[in-house]
Structures are given as structure tokens and as C-alpha cells.
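Mind having a look at this structure? Questions to follow.
The values are calculated or read from the model by the stated rules, or taken from the named source; none is laboratory data. This structure is a prediction, so every number in the text was calculated from the model and none was measured. Note that each Cβ is placed from the backbone with ideal geometry, even for glycine, and that neighbours are counted across all protein chains shown.
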Amino acid sequence: MTENSNKIRDFILSQVEHHPSDLASFVAEKFGFSRQRAHAYVAREVGGGKIIKIGTTRRTRYFLVGGKHIEFRLQIAHGLEEDRVWSKYVKPMLLKYPENIQKISNYGFTEIFNNAIDHSQGTTIYTNIEISDGELKITIMDNGVGIFRKIQNALHLESMREAILHLSKGKFTTDPRKHTGEGIFFSSRIFDSFSILSDDMFYTFKDRDWFLSSEKGEDFGHGTYINMVLSLNSKKTPKEIFDQYTDQEIGFDKTIVAVALSADPNDPHVSRSQAKRLLMGLEKFKQVVLDFKGVESVGRAFVDEVFRVFKNEHPSIEIQSINANQAVDSMIRRGRATQ
């Protein structure tokens, strides 16, 4: 390779992230030769594994292998596999970072991407990966039916809040033959921030706390949008997080449940039916932590169903409560006293 060729190569590699959509034109203008010749130089770097080419014709974009940004759109079709997508597009970006960052990212990306392949009923998956301000940001979006709506339809639920409730418990899946239902639960806890936007509901799990709003992005249509954020200085490991919720012998056995999601915000938690919706699927766990954040009051029937009836039916399950205000805590204590 001549000295001039080295200069052109170095220039191309230095400008990829600044000119992903007009790289060849920019190179041609810089060195004063045709776009065809510029394309040949760029293609050489693609062939050499330095640059990733995505799209064709006018939609072609180039990204630096191991760079700080990549985005791509893939068709959901037979043969699309999340591990190969990870290895080709995402893994090279993270090789310079600690092992725990790579493992967390691998787990979250492959779990969520596979969910989009198997469950979304969509035709395409859009992915955006960005490293900036000391953080890794992973966005995965599909154009399918929408995760909350799919759960709502599968369980014949009246509201999407209930769909979010069951999703957040873990061990829930609309296809138990292929999935355990653990992917979203653990992904939401190993990342610093984990958000889902679907239909008009925006659910976020951050710093061991959950948030729900009805705000909707103006440019988001049907499907599911998931965003995961991780500090590149994080010391967390997947094993550390898994160990908080698993038993060595029986596996995933502990969950934390947002009680407020089991009823409309304007309705108090008073009935046994509300309690039964809250408790659906919790028989699969050995430890259940009920998070009463956002719950202003509870009724006797609700408390009795949870802390006496369910407990008597499942004596081996340990039920804890957190974030209960004084009135709720008082009712829970009374309910426990009747066991």
C-alpha cells in the first residue's frame, strides 16, 4: 500500500463516525477524485473488517468497527439469530471495556432482541447502540403488536397496567415452550435504567424503583421500544444480580411486585378480585416482596386475600412488604395477625 493510500485509509477511518451517510462523497471531495474511486477505497476498509456497511444505495451507512455508535434495521425472518447480530454489530464496540460490562450488555441485548424475534409479530427490528458521556445506551425497537397489548390479550386483562404488572413479576411468557419469562425481569435489574414504551404506556425500572406514565413519543408508532442504559464504570456483574433473586437449587425464586399496578390509580385496593389479580403467578416463587409504593390505602378483603388466604394455600412462600405508608402498614399488620 502506497503512502497516499495509507493517508486515504487513515482519513476514512477517522471520519466514519462523523460522516456515516456521506462518507464516500466526503472522501472524494477531500482528495479530489471521483465518487466511484472513493467508494473503492471505502469498500476496501469494509472488506478488511475495519468498517461495517449497512443498507444499500442511498440508504447506505458506514460505521467504525469498535466505534461509539452503530444503528441498523433488520428484517425478522427465518435465520435471524440474536447471538450472531450481537457478535457482528455490538460486541466489537465493547471489547475495550471490562468483562462485567460486556457480560451485562450481552445478556440484555440478546434477551431483548430475541424477544422481538419470537414475540413481537412484527417485520423489522431497529437497533441503536451509542457510547457517550460514560454510558452505554442500547435501544431496540420493533414494529409488532406491542408487548403490553400482547400480554393483555393473552391473559384477557381489562387494562395494560395489569399487563405491566404481570410482565414485571418475572416468570411470565406468552410462549412457555420457548421462553422462561425471566429475560425482561433480569435485564431491568442488571442495567442502571431499563425502559419500555408500548402503546401509550411508558414503564421504567431504575435504581430498584419503578415508574409508570402515559407519556408517548411523538414519532413512535406501533410496536415496542426498549431502552437500556449502563454506566461504563459499573462494577455490577450478572451473577451478583442473579444471586439476589435465585436459589442455587431451585433457580429464580424471588420477585418484587409493584402492588399499585394491580388497580387503576383512582381505585383503592379493597377487593379480593384485585388481590387475586395481584397474586396471579406468584405461586411460582418462594419469596415475594410486595412493593406498596403509590398505594394510599388497602381494604380488609384485599389484605385478607393476600396475607391469609394465599398464605394458607401456599405456606412455604415468604411474603414481605416494603414502602407501605402508615395506614397500609397498619392494615397489613392486622391481616398478618389473623393468619
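Mind listing whichever residues of the stretch 136-151 are charged (D, E, K, R) and either within 12 Å of residue 198 (Cβ to Cβ) or in contact with a Pro (Cβ under 6 Å, 6 or more places away or on another chain) (or both)?
142, 149, 150 - these are the residues of the stretch 136-151 that are charged (D, E, K, R) and either within 12 Å of residue 198 (Cβ to Cβ) or in contact with a Pro (Cβ under 6 Å, 6 or more places away or on another chain) (or both).
Here's something else I'd like to know. May I ask you to list the residues in the stretch 106-119 that are polar (S, T, N, Q) and in contact (Cβ under 8 Å) with a residue 60 or more places away in the chain?
Across the stretch 106-119, the qualifying residues are 114, 115.
I'm told residue 24 meets every condition in (1) more than 15 Å from residue 61 (Cβ to Cβ); (2) assigned to a helix (DSSP H, G or I) except one. Can you identify the failing condition by its number?
Exception for residue 24: condition (1).
Ok, one more. Mind checking which residues of the stretch 289-327 are assigned to a strand (DSSP E or B) and touching a Ser or Thr at 6+ places or on another chain (Cβ under 6 Å)?
Of everything in the stretch 289-327, just one residue is assigned to a strand (DSSP E or B) and touching a Ser or Thr at 6+ places or on another chain (Cβ under 6 Å), namely 290.
State whether one or more residues within the stretch 232-240 are in contact with a His (Cβ under 9 Å, 6 or more places away or on another chain), of a type outside the set (A, V, I, L, M), closer than 28 Å to residue 117 by Cβ and assigned by TED's automatic domain parsing to the domain that holds residue 134.
The answer is no, given that none of the residues of the stretch 232-240 is in contact with a His (Cβ under 9 Å, 6 or more places away or on another chain), of a type outside the set (A, V, I, L, M), closer than 28 Å to residue 117 by Cβ and assigned by TED's automatic domain parsing to the domain that holds residue 134.
A further question follows. Are there any pairs with C-beta distances below 9 angstrom linking a residue in the stretch 147-166 that is among the aromatic types (Phe, Trp, Tyr) to a residue that is not in a helix (DSSP H, G or I), with the two at least 6 apart or on different chains, and if so which?
The qualifying pairs are 148/196; 148/198; 148/199; 148/201; 148/203; 148/224.
For (1) of a type in the set (Lys, Arg); (2) outside the structural domain of residue 121 (by TED's automatic domain parsing); (3) in a strand (DSSP E or B), each residue gets a yes or a no:
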site	(1), (2), (3)
46	no, yes, no
49	no, yes, no
53	yes, yes, yes
74	no, no, yes
79	no, no, no
83	no, no, no
86	no, no, no
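Identify the residue in the stretch 106-134 that is assigned to a strand (DSSP E or B) and not aliphatic (A, V, I, L, M) and, among all such residues, is surrounded by the most Cβ atoms within 10 Å (Cβ to Cβ). Give the steps one after another, and end with the answer.
Here is the first cut: in the stretch 106-134, the residues assigned to a strand (DSSP E or B) are 124-132.
If we keep only those that are not aliphatic (A, V, I, L, M) as well, we get 124, 126-128, 130, 132.
Details: 124: 16, 126: 16, 127: 21, 128: 15, 130: 16, 132: 9.
Filtering first and then ranking leaves 127.
Next question, about the same structure. Among the listed residues 313, 296, identify the single one that is surrounded by fewer than 13 Cβ atoms within 10 Å (Cβ to Cβ) and in contact with an Asp or Glu (Cβ under 9 Å, 6 or more places away or on another chain). Steps first, answer last, please.
Values: 296 fails: in contact with an Asp or Glu (Cβ under 9 Å, 6 or more places away or on another chain).
Going through 313, 296 in turn, the sole match is 313.
Tell me which residues, restricted to the stretch 32-65, are out of contact with any Pro (no Cβ under 7 Å at 6 or more places or on another chain), crowded, with 19+ Cβ neighbours inside 10 Å and under 12 Å from residue 22 (Cα atoms).
Within the stretch 32-65, 38, 42 qualify.
Results for (1) in contact with a Leu (Cβ under 9 Å, 6 or more places away or on another chain); (2) at pLDDT 90 or above; (3) outside any loop (DSSP other than H, G, I, E, B); (4) on the phi < 0 side of the Ramachandran plot, shown as yes or no for each residue.
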{"position": "249", "(1), (2), (3), (4)": "no, no, no, yes"}
{"position": "256", "(1), (2), (3), (4)": "yes, yes, yes, yes"}
{"position": "261", "(1), (2), (3), (4)": "yes, no, yes, yes"}
{"position": "266", "(1), (2), (3), (4)": "no, no, no, yes"}
{"position": "278", "(1), (2), (3), (4)": "yes, yes, yes, yes"}
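Next question, about the same structure. Considering each of 103, 137, 96 in turn, give the residue that is surrounded by fewer than 22 Cβ atoms within 10 Å (Cβ to Cβ), farther than 23 Å from residue 73 by Cα, touching a residue at least 40 places away in the same chain (Cβ under 8 Å) and not hydroxyl-bearing (Ser, Thr, Tyr).
103
Name the residue that is modelled with the lowest pLDDT, counting only residues in the stretch 37-67 that are charged (D, E, K, R) and closer than 30 Å to residue 118 by Cβ. Talk me through it step by step, then tell me what you get.
Here is the first cut: in the stretch 37-67, the residues charged (D, E, K, R) are 37, 44-45, 50, 53, 58-59, 61.
With the extra rule that they be closer than 30 Å to residue 118 by Cβ, the set shrinks to 53, 59, 61.
Values: 53: 93, 59: 84, 61: 93.
Filtering the stretch 37-67 for residues that are charged (D, E, K, R) and closer than 30 Å to residue 118 by Cβ, the one modelled with the lowest pLDDT comes out as 59.
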